[in-house]
Amino acid sequence: MADSLASLSAPDFNAEKFVKEASQHCIGGQELVLLRKKIHGRLEETNDNLKKNVYQNYMQFIDTAKEISHLESEMYQLSHLLTEQRLLLNSLYNTSILGDEASAPVEAEVAPEDKSEEQEEEIRRQKIATVLEKVEGASAFIDIPNITLLHEGFLSELDFVENTPIKSVVGFLFSEGLMLACSNPGKTGKRYKLDAYYELGSLAVVNVRDLGNVKFAFKVLAFPDSRLFQCKSNASKKDWIDKSDQAKKTRLAHDQLKRESTIEKSPSRTASIDTQSLSVNVEEEDEVFDHPDWLLEVPEELDVCVAQRHFEDALSLLQKAKDYINAYNHQADHILADIQRKVDQRSVHLIEVLMKELEVNPNKSLQGGLRAARRAVRLLNQLGCATQSCDLFLKLCSSMLKTQCKRVKREGSITVYIRYLSSAVFTNLCHMTEEFLRAFPDSPSCASAYAVWASSELSLFTTHFIKQVFVPQTPMSSITECVALVRFQCERLYSYGIDLCYQLDGALRTPLSRALKDARDKQVDAIKLRAVEDKWIPLDMRTKSALARFIQEYNDMGMNLTAYVTGDCWLQLTSNTITFTKLYLAFLDDCLRLQTSDLLHTIDESLYIVFEAQIRYIEQSLRKETQNEMRKFITKNTDFLLNTFLNHVQTKYEEANQFPCGKLHSLKKENAALLQGISPTKRNITKYSSSEYL
């Protein structure tokens, strides 16, 4: 069996042959199962060995990959050199050494220089054409006349903070700028695609000292980016730095020479009168504009101000440059046009930086509050981006409001929680309104945006408020207290010219109507339960002092109970009647505190139904009772409810609403017969006055 397992690693191993031999030598299924387990064990052992070999040779794999990458780069350079040599050989082959006899002496002096220039031009075109064939999207930057490829090579881009490899790129240094390209996974036929292009005027290649794993690296500083690249060797890094410096010096020398030649151009002082008009035309065409030095240095100064976070200085310098450009914008000047383009780029970058100051992200601290955002908002408004700054300002307010609400924890009763929550929400809304009016004093569009934002924030608050307060276990008194707290806090916005109470009342209309109906039904059910236990017995106050306190309590409320006192400490009122008055007054107070024009009908109906339920109980008791003394006692309680108590209820209602309750007033008229001790069975029934209906 060991020999058979050893054959698994043989070069000429045949799986079918192994299975046939195993089935012949193994007797029964048990031996086959055992062989299968051994093969699985050998498989796991082999996997472990492979893993160990991978771990042991991991660094060798990495080094091999680097060597392959370097070889690939060298092969690419070798291919490039071979292409250049082929082009040179072709140009030499096409060059004629012997010319015509008559013109030979002249060609001997002129031809070598002309042909060398033609060769260089041909090589330049071939290099540019090669780059255009390999890099997708490069034509927009290098397909221009007289651009020259100075250097190219493979680079590895590193993370600017952690110094870890990000990706491999190919760099092309031209006489006009630096182009970076990365591998192209698309099926466009081109090996690379454009990653970035930086103009030579705004480019700086800075050496980076070798430190740790970062070797042969240099930085590319180009507005507004800063990138770190690593070369394969120190010689390659030196070539990149030297070639970039040489390109910048050549560019500066060319610009200086062009500027001097332009300044030296002027019409001849010895020109004749006949050519005077021509000289004027030449002067107009070659007119030179001498700009101040500060204007030429504006792009660099703006970069420094933004990097140092001197945003006010950057804004003033930007405005100064724009004023100068607008004053001379009617004149054709390529230098001024280039400065204007760079200034516009810096303006866009400044706006982006200021907008990032207002952006909300999880890693940003909100400790400074809205005061920390004043600077960015003010500068954005001055830059003409009031709409964007308003949007970011409101998003910042939403984030801060959400954070403040999360800090309020529900501990204790619902009333305490709502008191703290509503105070936090509306206090922050007041502060945010103050900051908004400070930041956008004269902007109707921003004011409307703030009104919409405040309305949406109130909608979120009311949604949470309804979920927390309007639950079946919450008593009506707690609901009333919570609603009154929120209304009071919402009224604080009146002083800022914002009225959101109508929206709050509209959002609470439906749950409040439902809560009032539920409270009404509970009151009716309680009346029915007390009716079952009521024995129509006068109330015994036990002591004179207790009776005096009770009468004084009702006198303070505006009800005189002296007429209902009998004996030393007895009242001609039942315990059921007194309990009903206390509960009904509490219900009335809740209704009056919740009263709005939309809820007025629901409140009147609820007050009427609860009072009518008590009267119906008295009516049923009067109908069942036959003894005169007991009927007089019931009538006494009815008189108290319909005269003394109902008048007090009407007074409180009218003081709150400035008009009486029509439904309660009709209740007294409908039950006037009860005051005479007449039950429904003894009521006069209207009969027909004519027999035509019979």
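Assorted remarks:
- Close amide-amide hydrogen proximity is noted between residue 565 and 572, each under 5 Å apart and 5 or more residues distant or on a separate chain (H modeled in the peptide plane; Pro and chain starts excluded).
- Environment charge at residue 317 (Cβ cut-off 15 Å; Lys +1, Arg +1, Asp -1, Glu -1): -4
- Residue-wise HN-Hα coupling along segment 602-619, computed from phi with Karplus coefficients 6.51, -1.76, 1.60 (Hz; x: Gly, Pro): 5, 5, 4, 5, 5, 4, 5, 5, 5, 5, 5, 4, 5, 5, 5, 5, 4, 4
- Between segment 604-618 and segment 537-552, the Cα center-to-center distance that results, in Å: 27
- Accessible area of segment 543-645 belonging to carbon and sulfur atoms, whole % at 1.4 Å probe: 49
- Ratio Rg/Rh [Cα only; Rh per Kirkwood] for segment 156-221: 1.01
- Segment 130-159 and segment 189-224 have Cα centres separated by 13 Å.
- Relative contact order (%) - segment 502-624, alpha-carbon pairs under 8 angstrom, separation at least six: 36
- Residue among 607, 539, 586 farthest towards the positive dipole end of segment 516-653, charges placed on Cβ: 539
- 27 Å Cα-Cα threshold exceeded, pairs from 167/243; 134/249; 582/668; 127/167; 320/356: 134/249
- Each part reduced to its alpha carbon centroid, segment 31-59 and segment 424-452 end up 71 Å apart.
- Total charge dipole magnitude, segment 521-630, about the Cα centre, Cβ charges on Lys, Arg, Asp, Glu only, Debye to nearest 20: 380
The values are calculated or read from the model by the stated rules, or taken from the named source; none is laboratory data. Keep in mind that what you see is a predicted model, and the values were worked out from it rather than measured. So basically every Cβ, Gly included, is an ideal-geometry build from the backbone, and we count neighbours across all protein chains shown. We work out accessible area using only protein heavy atoms, side chains counted, and drop any ligands, DNA or RNA first. Shrake-Rupley method; radii C 1.70, N 1.55, O 1.52, S 1.80 Å.
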